[in-house]
Amino acid sequence: MSFGVNAGGRLDRLPVGPFHYRIMWLVGVGMFFDGFDIYVAGTVLASTLKSGFSTLNQNALFVSATFVGMMIGSFVTGFLGDRYGRRFTYQANLLMFGLASIAAAFAPNMTVLILLRFIIGVGLGAENVVGYSTMTEFVPARTRGRWLGLMAVFVVTGLPVASLIGYLVIPLLGWRAMFVLGGAGALVVWHMRKSLPESPRWLESVGRDAEADRLLRAIEVQAALHGPLPDPAPPAPPLPPIALAALFRPPLLARLLVGCVCLIVINTLLYGFVTWLPTFFVKQGLSIATSFGYSLLMGLGAPIGAAIGALTADRWGRKPTIIGASALAIVLGAIYPTITDPALLPVIGFAFTVPIYILVALLFGIYIPELFPTEIRLRAAGLCNTLGRGATIVTPFIVVALFNGGGVSRVMTLMIALLVIQIIVVFLFGTEPANRRLEDMDLEEKARERVVTP
């Protein structure tokens with residue numbers, strides 16, 4: 001690995017300008033359709049259940065197939081992204097879930113729909129890993145939390161949009177139209193993303209210095225149009241590249257533990273509660289229209305929560321924000337099952353949704369991609385996402401059993417217990433990356449790795 005290009009120092013000195021906004025929109029819009037496709041499950045499954053196209057157990061299989069696909073996609077894309085580059089992987093996964101979504105609209109039965117949902121899941125899992133990690137490598141350290149949090153806003157906006165479109169479209173055109181909209185949108189973004197550049201940090205990490213330097217010069221020429229550029233931070237002193245095996249021993253083992261636990265918790269919150277809301281409401285006797293309306297109102301907490309996470313991550317720090325949002329979610333989660341007034345139900349649900357999506361922004365978008373060195377970033381983030389998705393494969397079946405045995409209160413007890421575990425793990429083992437250059441954290445971990453394994 002060469003250290004002559006200084007990609008990190010040259011990128012971090014750049015003032016925020018048109019280049020950053022272009023990257024944000026090209027990555028962010030693709031991740032919006034990723035979020036839309038994920039959250040389509042809530043609206044589609046309530047409709048298929050009501051119409052008799054599916055049963056509650058088949059709905060659980062549908063959700064589990066999504067997680068199996070996302071688990072595989074998260075794992076595979078980590079190796080492909082670190083080996084072949086960020087650009088290759090985000091284009092491949094977007095094409096995969098776009099085409100599979102179109103095909104899902106024509107599924108003749110629930111078995112075929114579940115199979116296609118597995119393929120969609122592979123693409124969704126890959127997009128989540130590579131999208132956030134790619135953005136991490138382009139934006140300056142001083143505002144990295146805000147930019148990555150905005151990526152999460154793109155993703156979670158898919159929740160209220162999917163709920164709103166489901167509310168308007170499904171009664172008129174049926175649930176199949178939801179897959180057409182999501183797939184067509186993903187394919188349009190796939191075409192637009194052909195102009196997205198490769199990550200200079202990744203190019204440098206694999207020794208492709210000439211390409212990295214050429215790309216950086218083009219970026220710098222554009223940025224210099226708005227004024228002279230400050231001097232870059234000095235390059236990090238050369239150290240041997242870090243191997244994937246370093247994840248499984250100190251000091252990176254603690255970061256891997258934190259990443260895995262946090263993604264297990266947040267995935268369970270999302271797919272053990274939020275995506276099941278329309279189905280819970282239908283089983284409690286509400287109409288499809290009322291169920292979608294309540295879910296839409298509660299879903300508005302998603303972009304609001306993610307925006308709060310984006311705006312506070314740099315100012316408050318990653319660890320305090322994660323711990324504070326988890327504690328608030330515990331309080332509101334304990335209140336939610338006690339609400340009997342139908343008018344208050346979506347209001348308290350909305351309030352509970354906000355801290356959940358603060359955590360989504362912090363964990364998926366900001367914290368996990370920052371924890372690991374560039375050479376193994378996608379593989380490490382992919383491994384955390386793999387375990388997070390894998391743990392939730394059984395979540396739908398646990399949710400069905402808990403709901404049938406004791407209603408929403410039983411489901412909420414599980415969520416609260418997981419949030420308590422998350423607070424403890426982040427407090428004891430978490431690191432604080434706020435306002436720190438990626439290269440500085442990489443250097444620290446490589447130096448500590450050499451001390452541990454001389």
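Can you tell me which residue in segment 67-96 is surrounded by the most Cβ atoms within 10 Å (Cβ to Cβ), limited to those that are within 17 Å of Leu26 (Cβ to Cβ) and of a type in the set (Phe, Trp, Tyr)?
Tyr90
How about segment 101-135: which of its residues are among the polar types (S, T, N, Q) and surrounded by 24 or more Cβ atoms within 10 Å (Cβ to Cβ)?
Within segment 101-135, Ser101, Asn128, Ser133, Thr134 meet the criteria.
So, Ala325, is that one buried (at least 18 other Cβ atoms within 10 Å of the Cβ), at pLDDT 95 or above and part of a helix (DSSP H, G or I) or not?
When the stated conditions are applied, Ala325 passes them.
Would you mind stating whether Ala186 is under 28 Å from Leu113 (Cβ atoms), among the small types (Gly, Ala, Ser), open to solvent by less than 20 Å² (accessible area, probe 1.4 Å) and not in a loop (DSSP other than H, G, I, E, B)?
It is true that Ala186 is under 28 Å from Leu113 (Cβ atoms), among the small types (Gly, Ala, Ser), open to solvent by less than 20 Å² (accessible area, probe 1.4 Å) and not in a loop (DSSP other than H, G, I, E, B).
Could you list all residues from segment 189-208 that are free of Cβ contacts under 8 Å to residues at least 40 places away in the same chain and in a helix (DSSP H, G or I)?
Matches in segment 189-208: His191 only.
If you go through segment 371-415, how many residues are over 21 Å from the mean Cα position of the chain (by Cα) and on the phi < 0 side of the Ramachandran plot?
Matching residues across segment 371-415 total 17.
Filter segment 322-358 for residues that are β-branched (Val, Ile, Thr) and under 17 Å from the mean Cα position of the chain (by Cα); which is farthest from Ala141 (Cα to Cα)?
Result: Thr353.
Does Thr143 satisfy being open to solvent by 10 Å² or more (accessible area, probe 1.4 Å) and within 28 Å of Leu362 (Cβ to Cβ)? Spell out the reasoning first.
Values: open to solvent by 10 Å² or more (accessible area, probe 1.4 Å): yes; within 28 Å of Leu362 (Cβ to Cβ): yes.
Yes: the conditions hold for Thr143.
Can you name the condition, by its number, that Tyr132 falls short on among (1) in a loop (DSSP other than H, G, I, E, B); (2) touching a Pro at 6+ places or on another chain (Cβ under 7 Å)?
The number of the failed condition is (1).
At pLDDT 90 or above and either hydrophobic (A, V, I, L, M, F, W, C) or touching a Lys or Arg at 6+ places or on another chain (Cβ under 9 Å) (or both): does that describe Val347?
So Val347 does not fit the description; no.
Please enumerate the residues belonging to segment 388-433 that are open to solvent by 20 Å² or more (accessible area, probe 1.4 Å), modelled with pLDDT under 85, part of a loop (DSSP other than H, G, I, E, B) and within 20 Å of Phe364 (Cβ to Cβ).
Within segment 388-433, just Ile393 meets the criteria.
Given Arg142, Arg176, which one is at pLDDT below 90 and of a type in the set (Lys, Arg)? Reasoning before the result, please.
Numbers: Arg176 fails: at pLDDT below 90.
Exactly one residue qualifies, and that residue is Arg142.
Can you name the residue in segment 1-49 that is open to solvent by 50 Å² or more (accessible area, probe 1.4 Å) and at pLDDT below 85 and is also farthest from Asn128 (Cα to Cα) among such residues?
Gly4
How many of the residues in segment 244-258 are open to solvent by less than 20 Å² (accessible area, probe 1.4 Å) and either among the β-branched types (Val, Ile, Thr) or not in a helix (DSSP H, G or I) (or both)? Outline the logic, then answer.
The initial filter retains those residues of segment 244-258 that are open to solvent by less than 20 Å² (accessible area, probe 1.4 Å), namely 246-247, 251-252, 255-256, 258.
Imposing the further condition that a residue be either among the β-branched types (Val, Ile, Thr) or not in a helix (DSSP H, G or I) (or both) reduces the set to 251, 258.
So the count comes out to 2.
Does Leu332 count as at pLDDT 90 or above, within 28 Å of Gly131 (Cα to Cα) and not aromatic (Phe, Trp, Tyr)?
Considered against the rule, which asks whether it is at pLDDT 90 or above, within 28 Å of Gly131 (Cα to Cα) and not aromatic (Phe, Trp, Tyr), Leu332 comes out as no.
For segment 218-231, state whether one or more residues are open to solvent by less than 70 Å² (accessible area, probe 1.4 Å), closer than 25 Å to Leu371 by Cβ and assigned to a helix (DSSP H, G or I).
No: zero hits.
Val169 is checked against (1) of a type outside the set (Gly, Ala, Ser); (2) open to solvent by 20 Å² or more (accessible area, probe 1.4 Å); (3) modelled with pLDDT of 90 or more; (4) more than 25 Å from Gly301 (Cβ to Cβ) and fails just one. What number does that condition carry?
Every listed condition holds for Val169 apart from (4).
Quick check on segment 189-203: of everything there that is open to solvent by 20 Å² or more (accessible area, probe 1.4 Å) and in contact with a Gly (Cβ under 8 Å, 6 or more places away or on another chain), which residue is farthest from Gly42 (Cα to Cα)?
The extreme case among them is Glu198.
Okay, residues lined up against (1) in contact with a helix residue (DSSP H, G or I) (Cβ under 6 Å, 6 or more places away or on another chain); (2) of a type outside the set (A, V, I, L, M):
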position: Leu196; (1), (2): yes, no
position: Val221; (1), (2): no, no
position: Pro241; (1), (2): yes, yes
position: Cys260; (1), (2): yes, yes
position: Val265; (1), (2): yes, no
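The values are calculated or read from the model by the stated rules, or taken from the named source; none is laboratory data. A quick note: this is a predicted structure, and the numbers were derived from the prediction, not measured. FYI the Cβ positions are ideal-geometry reconstructions off the backbone, even for glycines, and counts take in every protein chain you see. When the accessible area is computed, the model is the full protein with side chains, heavy atoms only, and any ligands, DNA or RNA have been set aside. Shrake-Rupley method; radii C 1.70, N 1.55, O 1.52, S 1.80 Å.
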